[in-house]
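The values are calculated or read from the model by the stated rules, or taken from the named source; none is laboratory data. Predicted model only: the values in this text are computed from it and were never measured. Here the Cβ positions follow ideal geometry from the backbone for every residue, glycine too, while neighbour counts run over all protein chains shown.
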Amino acid sequence: MPYILHRSTKTHPHPLPGGEFPRTSHSVHRTKITHPLPLRGGEFPRTSHIALRTIILLLFLSSSLFAQSPLQFNAQISAPIPISEDSDSAYVYLYLEAKAGEKTSQHQDVPLNISMVLDRSGSMSGAKMDYAKEAAKFVIDNLSNEDQISIITYDQDVQIVSYSGSAKQKRKLKKLVDMIGVKGATNLSGGMLEGFTQVSSTYDDSYVNHIMLMSDGYANKGITDQQRLQDTVQYLNQNQQITLSTFGLGADFDEDLMEALADYGGGNYYFIHKATKVPEVFLQELSGLQSVVARRLLLEVEYPNETLVLSHVFGYPYLQDSLQKNQLLIPFNDVIANETQAVLIRFLLPPSTSKASSPISDLQASFSYENTAIPSDTHEHTIPLQKDSVIHNNIVLFEANQTTRDAISVTEKGMLSRGIELVNKNENYMDNQFSRFSPDTLLHAQYKLNRQYIKDVQANAEKSTYKRKMIQKFAKYNSYRLRKKK
């Protein structure tokens with residue numbers, strides 16, 4: 001069955017070729033959520049309102065040893081919440097979370113097959129390139145002999161500094177890095193595609209197959225259209241099982257593009273505000289790649305589309321079956337130790353069903369993933385629902401985060417008064433919600449980000465273009481990190 005990739009509620013224009021989404025997981029966690037009792041409008045359900053059953057089905061590896069699951073799952077659903085005081089329609093929110101624990105001796109080290117794709121255009125001259133080289137050599141030094149690496153550079157053209165192969169010859173690889181110079185324009189798409197080609201040439205399903213793409217400028221050669229680049233990354237990620245992380249350096253790169261490529265590529269996005277931070281950020285990414293405890297985490301949600309209408313998905317892009325509109329797939333991809341991956345799904349409950357005695361029925365969610373430890377015994381258990389404020393925190397966090405993003409977007413387009421209006425409206429919304437429950441740390445950070453953004457914009461309205469660009473990039477990056485719970 002073809003699937004269509006979405007980001008939030010935007011429909012992807014092209015179906016994915018090649019049939020069904022790959023199912024290679026060793027462990028399947030299935031959660032069934034039902035409502036045996038009617039829920040009162042606007043209230044958050046107590047534990048007695050929800051029967052939550054989790055069945056864990058394991059496809060065993062050829063081994064007689066077993067280990068505990070590396071992930072803990074949490075599923076919460078809200079009661080119908082009226083859209084407004086005079087509306088007959090309501091929203092229903094489903095919050096789903098996978099939380100990883102520590103990496104232990106039971107978790108096998110997953111070898112890496114990576115490609116470093118470095119911008120060498122003219123704007124990278126000086127400290128930027130010096131620190132990029134230092135970071136690349138640091139990565140090389142910290143790879144094992146089992147790992148595979150390729151090094152790509154791009155200006156208006158693409159250069160293969162080192163074809164994908166063993167990381168054993170570290171001295172040779174570092175000498176090649178030292179020889180990288182700077183010149184020309186920015187063919188980001190060409191460098192990225194060559195990265196996919198190199199990783200694909202030594203692809204191994206038992207490895208983490210990954211690309212690290214760095215740029216300090218806008219794509220002005222090759223494919224430059226963001227939608228086409230997203231389409232390309234989407235296709236390659238889903239069909240080749242290769243992930244992509246992006247690194248934007250300085251004030252002049254396209255942060256919207258780099259964030260989108262990381263989202264569709266199943267990796268991480270990093271904003272590096274000054275060149276001296278490049279090695280530190282590369283270390284952060286490499287440490288994560290070397291601490292994977294679960295691979296190819298996939299969330300599948302089935303919902304009754306005769307009573308629920310999908311309104312918005314917060315946190316991650318999603319896939320939807322072009323034929324079965326009541327199914328969503330959300331690929332979280334690889335999970336590193338101590339990481340939380342979460343998504344909030346907002347459904348619209350139309351007036352015709354919002355007053356029904358049991359408006360939500362047969363809503364199901366399942367997680368599947370590959371355990372880097374030896375799989376555990378088959379077992380069944382219940383995921384306990386937490387207090388009402390927990391799902392309320394997440395609803396307000398994701399909704400307020402989206403409004404802040406909207407304010408940043410309109411302000412960037414020159415509509416400052418509209419941006420101020422959205423920020424003030426958002427602050428009032430959070431203040432009102434905080435009177436009903438105690439906000440957690442992330443929500444406090446979201447409140448601070450919302451308030452600080454407009455203050456920074458107004459204080460620097462007459463300052464340099466560089467200063468204004470950096471305010472936008474910091475605000476978007478902090479918003480991204482809150483949305484990803486980092």
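Take the conditions assigned to a helix (DSSP H, G or I) and either in the same structural domain as PRO331 (by TED's automatic domain parsing) or within 23 Å of GLU255 (Cα to Cα) (or both) and apply them to ASN426. Does it pass?
In short, no.
What are the residues in region 463-479 that are farther than 18 Å from ARG451 by Cα and touching a strand residue (DSSP E or B) at 6+ places or on another chain (Cβ under 9 Å), if any?
Of everything in region 463-479, nothing turns out to be farther than 18 Å from ARG451 by Cα and touching a strand residue (DSSP E or B) at 6+ places or on another chain (Cβ under 9 Å).
Going through LEU298, LEU329, LEU283 one at a time, which residue ends up being among the aliphatic types (A, V, I, L, M), under 30 Å from GLY122 (Cβ atoms) and surrounded by fewer than 23 Cβ atoms within 10 Å (Cβ to Cβ)?
Just a single option satisfies the conditions, and that option is LEU283.
Could you list all residues from region 203-255 that are closer than 25 Å to VAL182 by Cα, acidic (Asp, Glu) and touching a strand residue (DSSP E or B) at 6+ places or on another chain (Cβ under 8 Å)?
Listed by number, the residues that qualify are ASP216, ASP254, GLU255.
Which one of these is in a strand (DSSP E or B) and at pLDDT 95 or above: ILE140, ILE149?
Exactly one residue qualifies, and that residue is ILE149.
Residue under question is ASP155, and the condition is that it be acidic (Asp, Glu) and more than 25 Å from the chain's Cα centre (by Cα); does it hold?
yes
Would you confirm, using the coordinates I've provided, whether GLU255 is touching a Lys or Arg at 6+ places or on another chain (Cβ under 6 Å), charged (D, E, K, R) and crowded, with 19+ Cβ neighbours inside 10 Å?
yes
Does region 389-401 contain at least one residue that is at pLDDT below 90 and of a type in the set (S, T, N, Q)?
Yes: one or more hits.
Is it the case that some residue within region 405-416 is among the β-branched types (Val, Ile, Thr), under 20 Å from VAL343 (Cβ atoms), under 21 Å from the mean Cα position of the chain (by Cα) and not assigned by TED's automatic domain parsing to the domain that holds LEU344?
no
Rundown of residues vs (1) modelled with pLDDT under 90; (2) assigned by TED's automatic domain parsing to the domain that holds VAL309; (3) not small (Gly, Ala, Ser), yes/no style:
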position: LEU61; (1), (2), (3): yes, yes, yes
position: SER64; (1), (2), (3): yes, yes, no
position: GLN68; (1), (2), (3): yes, yes, yes
position: ASN74; (1), (2), (3): yes, yes, yes
position: SER89; (1), (2), (3): yes, yes, no
position: LEU94; (1), (2), (3): no, yes, yes
position: LYS99; (1), (2), (3): no, yes, yes
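Within region 239-257, take every residue that is in contact with a helix residue (DSSP H, G or I) (Cβ under 9 Å, 6 or more places away or on another chain) and assigned to a helix (DSSP H, G or I) and give me the one that is nearest to SER189 (Cα to Cα).
LEU257
The rows are residues; the columns are (1) modelled with pLDDT under 95; (2) touching a Ser or Thr at 6+ places or on another chain (Cβ under 6 Å); (3) among the acidic types (Asp, Glu); (4) within 26 Å of GLU339 (Cβ to Cβ).
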{"residue": "GLN226", "(1), (2), (3), (4)": "yes, no, no, no"}
{"residue": "ASN239", "(1), (2), (3), (4)": "yes, no, no, yes"}
{"residue": "PHE247", "(1), (2), (3), (4)": "no, no, no, yes"}
{"residue": "LEU261", "(1), (2), (3), (4)": "no, yes, no, yes"}
{"residue": "GLY267", "(1), (2), (3), (4)": "no, yes, no, yes"}
{"residue": "PHE271", "(1), (2), (3), (4)": "no, no, no, yes"}
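Which of the residues spanning region 276-291 are in a helix (DSSP H, G or I) and more than 19 Å from ALA475 (Cα to Cα)?
THR276, VAL278, PRO279, GLU280, PHE282, LEU283, GLN284, GLU285, LEU286, SER287, GLY288, LEU289
Kindly list the number of the only condition in (1) closer than 19 Å to VAL335 by Cα; (2) not assigned by TED's automatic domain parsing to the domain that holds LEU328 that fails for PRO279.
All conditions pass for PRO279, except number (1).
May I ask you to verify whether ALA185 is of a type outside the set (Lys, Arg), in the same structural domain as ILE211 (by TED's automatic domain parsing) and part of a helix (DSSP H, G or I)?
Against the criterion (of a type outside the set (Lys, Arg), in the same structural domain as ILE211 (by TED's automatic domain parsing) and part of a helix (DSSP H, G or I)), ALA185 does not qualify.
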